[in-house]
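Quick notes on the structure that follows.
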Amino acid sequence: MNEVVLSTHQLTKNYGKLCAVNQLNLEVKRGQIFGMLGPNGSGKTTTLGMLMGVTNPSSGSFSWFGEPATHHTRKKIGAVLEHPIFYPYLSGQKNLELNAMIKGADPKNIPKVLKTVDLTLRKDDKYRTYSLGMKQRLAIASALVSDPIILILDEPTNGLDPMGIAEIREIVKRIADDGKTIILASHLLDEVQKVCTQFAVLRKGKLMHSGPVDDVGKGEETVEVMAYHDDLGVLLQEFVGSGLIKKENGVFQVMMKDGFHSQDLNRFLFEKGIVTSHLTTKKKSLEKQFLEILAEAH
Amino acid sequence: MLHLLQIDLKKMTSYRTFWVICGLYFLTLGFTTASGMEILKWIASKFEDFGSSLNVNRIPLYHFPDIWQNLIWVSGLFKLVLAIMVVISITNEYQYRTLRQNVIDGMSRWEFVLSKVLTNVMLSLMSVGMLLLIIAVTGLIYTPELSAMDMLTGSEFLFAYFLEIFAFLSYALMLGVFVQRSGLTIVLLMLSHMIEAIIKLNLFRESLEPSIGWLKQFFPLESITNLVSLPFPRYAFQEIQDTVSLTAVLIALGWAFLFNYFSYLKLKRADI
Ligand SMILES: Nc1ncnc2c1ncn2[C@@H]1O[C@H](COP(=O)(O)OP(=O)(O)OP(=O)(O)O)[C@@H](O)[C@H]1O
Ligand SMILES: [Mg+2]
């Protein structure tokens, strides 16, 4: 299960003076859903382009499945970088047939992947007539057509409506459940937090952070409390576990000290004779962590 | 190899422009070469209108063995149409960025170039096949006395024709790989002969002509033209090159190889 699928070693890409990717060392293991985060222009697409053989690295190296990459390796990977790319004058079906031919995949997979992305009804229309969301879906279908071991998606939800985003999320989750490894570059931190197991943060081509998503906000807990009691604020300060307390829209946000949890606070309030009308534990969001990581770098 | 050819054909066979251009090419090629006699008769009738006479049967345009070089030389004029198709095919891959996706999907850059070159081979072979058919049919019809010897003499022009088309298509492919934009590439393709002529004119001033004039045959487009030289002056009792020169074949082969090799080199190094 811990087999390393991808590792990069000091991978670097220079465009003239600009260093788009700077000595990147990454490791992705089998079964991980790896989120790549970073502001615009931080080098995500450039990195993926190098991994997929379309951008020549300036220096450094990478290996798929422990071996230096060849075009045969790429046939086992399904990838969509940045925009869907297809022959506009061919139908969705014909485009997928072409993808399957190049990948050496069984064309019998095509109806299945078309169904997965819900394009069966439009498969015979020319690609040029598709809406943006349909183009994105076809791109995902083409990445799936060879039943790849690894899926690389670069902002797959770009330009989709909220429903489309949710659908793509479901598709990604379903694929992940099949045990496939997924590398996902995205700006939707919420999405990444929902689907990814690992994440890495890039900034100006440099790796700022890499680790499991579960670790985000570990050890820090904020509890939201609401109660019909005038002195709630005073009482909360009396609680030994309370750190910083803020009040937002009539809701108290209590930052817990180490070792204290929401149930301790609840018990304390109950003993004081207060019944809360609202009490939730909030972990730090990936978004917050992301912004902190980027801020630290300055 | 066949697989690569199939991939490239799959891209083209649902593309309307491909059918239109190829259709036009083979139709005009077929009609023009097959109807030379009719054209000649029409010219003769014009002559008669002016009171002079021209005996068309005295001009053995369609007689074996002359027919080989005559028709093949004329057919060579049409190769530009096919080359424009090749330019569109390769520049589309840049414009739509499908080249990038092909590589992402697992084609190597070498395989990509090879798939285009194989299509060029196929188009050249189809031209040769078409011409062989027309020459066989019209030659049999118009030649007064058939002899196996006459029929085969000059058939080596068929190979020269193949090389002529293939080398020119390779040149068009290379131009497309370097320029990447269809309009500009087509203009450059059409001006190529003129540009080469101007360069030659400036390089080989009269004083230099005797000493380094022989270098001219090494120019890329000239080498392609030299494969099949203009046959018609022989009907005005002038000396012509009426066989395929081995030197010309070797030089053109060299260029055909280089054109494709340059395409590959360029593609290998590029970020796509
Ligand atoms: N072909 C190119 N020529 C020159 N510079 C380039 C080229 N491609 C990318 N860059 C530069 O490299 C840097 C990284 O770009 P990249 O597309 O990898 O960013 P990204 O992380 O994918 O951004 P986004 O989130 O906006 O998609 C940018 O500064 C960009 O301007
Ligand atoms: Mg990007």
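Values computed for the structure shown
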quantity	calculated
Flag for A:Leu202 being crowded, with 21+ Cβ neighbours inside 10 Å, away from chain B (no Cβ under 14 Å), touching a Ser or Thr at 6+ places or on another chain (Cβ under 7 Å) and closer than 21 Å to A:Gly53 by Cβ	yes
Given (1) within 16 Å of ligand 1 (Cβ to nearest atom); (2) more than 20 Å from A:Pro148 (Cα to Cα), index of the condition A:Val80 fails	(2)
A:Asp124 being within 12 Å of another protein chain (Cβ to nearest Cβ) and surrounded by fewer than 19 Cβ atoms within 10 Å (Cβ to Cβ)	yes
Residues of segment B:245-272 that turn out to be open to solvent by less than 30 Å² (accessible area, probe 1.4 Å) and either under 25 Å from B:Leu71 (Cβ atoms) or within 15 Å of the chain's Cα centre (by Cα) (or both), as a count	6
Close pairs (6 angstrom Cβ cut-off, 6 or more residues apart or separate chains): in the same structural domain as A:Leu81 (by TED's automatic domain parsing) in segment A:21-42, more than 16 Å from ligand 2 (Cβ to nearest atom) and in a loop (DSSP other than H, G, I, E, B) anywhere	A:Lys29/A:Asn2; A:Arg30/A:Glu3; A:Gly31/A:Gly179; A:Gln32/A:Thr197; A:Ile33/A:Cys196; A:Ile33/A:Thr197; A:Gly35/A:Cys196
Options B:Gln217, B:Gln238; residue that is open to solvent by 80 Å² or more (accessible area, probe 1.4 Å) and over 15 Å from the mean Cα position of the chain (by Cα)	B:Gln238
Check on A:Ile150, within 23 Å of A:Phe34 (Cα to Cα) and crowded, with 20+ Cβ neighbours inside 10 Å	yes
Output for segment B:68-108, where each listed residue is more than 20 Å from the chain's Cα centre (by Cα) and open to solvent by 30 Å² or more (accessible area, probe 1.4 Å)	B:Tyr94, B:Gln95, B:Tyr96, B:Arg97
Enumeration of residues in segment A:9-39 that are more than 16 Å from ligand 2 (Cβ to nearest atom) and under 22 Å from A:Asp190 (Cα atoms)	A:Val28, A:Gly31, A:Gln32, A:Ile33
Members of segment B:117-147 that are in a loop (DSSP other than H, G, I, E, B) and not hydrophobic (A, V, I, L, M, F, W, C)	B:Thr143, B:Pro144, B:Glu145, B:Ser147
Qualifying residues in segment A:60-70 (those that are surrounded by 15 or more Cβ atoms within 10 Å (Cβ to Cβ) and not aromatic (Phe, Trp, Tyr)) - the one nearest to the other protein chains (Cβ to nearest Cβ)	A:Ala69
Those residues of segment A:135-181 which are in a helix (DSSP H, G or I) and within 16 Å of ligand 1 (Cβ to nearest atom), in sequence order	A:Gln136, A:Ala139
Answer from A:Ala141, A:Ala100, A:Ala79, A:Ala105 - the residue that is surrounded by 20 or more Cβ atoms within 10 Å (Cβ to Cβ), at pLDDT 95 or above, on the phi < 0 side of the Ramachandran plot and assigned by TED's automatic domain parsing to the domain that holds A:Val28	A:Ala100
Enumerated strands (runs of 3 or more DSSP E) restricted to segment A:186-298, each holding at least 3 residues that are of a type in the set (A, V, I, L, M, F, W, C)	A:198-203, A:222-226, A:251-256
Pair list, Cβ under 6 Å, 6 or more apart: segment A:71-90 residue more than 7 Å from chain B (Cβ to nearest Cβ), other residue of a type in the set (D, E, K, R)	A:Glu82/A:Asp154; A:Pro84/A:Lys135
Residue ranges of helices (runs of 4 or more DSSP H) in segment B:164-272 with at least 3 members touching a residue at least 24 places away in the same chain (Cβ under 8 Å)	B:182-203, B:220-225, B:246-269
Some residue of segment A:154-171 being crowded, with 20+ Cβ neighbours inside 10 Å, within 13 Å of chain B (Cβ to nearest Cβ) and in contact (Cβ under 8 Å) with a residue 60 or more places away in the chain	yes
Residue match in segment A:19-31 (condition: surrounded by 16 or more Cβ atoms within 10 Å (Cβ to Cβ), under 15 Å from the mean Cα position of the chain (by Cα), more than 19 Å from B:Asp271 (Cα to Cα) and near ligand 1 (Cβ under 8 Å from one of its atoms))	no
Within segment B:31-67, tally of residues that are closer than 30 Å to B:Glu156 by Cβ, among the acidic types (Asp, Glu) and surrounded by fewer than 16 Cβ atoms within 10 Å (Cβ to Cβ)	1
Hey, A:Pro88 out of contact with any Pro (no Cβ under 6 Å at 6 or more places or on another chain) and under 21 Å from B:Asp8 (Cα atoms) or not	yes
Extreme residue, farthest from the other protein chains (Cβ to nearest Cβ), among residues of segment A:40-59 that are under 13 Å from A:Ala185 (Cβ atoms) and away from ligand 1 (no atom under 11 Å from the Cβ)	A:Leu51
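Listed here are the residues, each with its yes/no results for (1) within 14 Å of another protein chain (Cβ to nearest Cβ); (2) of a type outside the set (S, T, N, Q); (3) in contact with a Leu (Cβ under 7 Å, 6 or more places away or on another chain); (4) within 21 Å of B:Tyr235 (Cα to Cα).
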residue: B:Ala44; (1), (2), (3), (4): no, yes, yes, yes
residue: B:Asn55; (1), (2), (3), (4): no, no, no, yes
residue: B:Ile88; (1), (2), (3), (4): yes, yes, no, no
residue: B:Val103; (1), (2), (3), (4): yes, yes, no, no
residue: B:Ser108; (1), (2), (3), (4): yes, no, no, no
residue: B:Leu123; (1), (2), (3), (4): no, yes, yes, no
residue: B:Met126; (1), (2), (3), (4): no, yes, no, no
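The values are calculated or read from the model by the stated rules, or taken from the named source; none is laboratory data. None of these values were measured; they are calculated from a predicted model. Here Cβ is always computed from backbone atoms with ideal geometry, including for glycine, and neighbour counts include all displayed protein chains. Heavy atoms of the whole protein, side chains included, go into the accessibility calculation; ligands, DNA and RNA do not. Shrake-Rupley method; radii C 1.70, N 1.55, O 1.52, S 1.80 Å.
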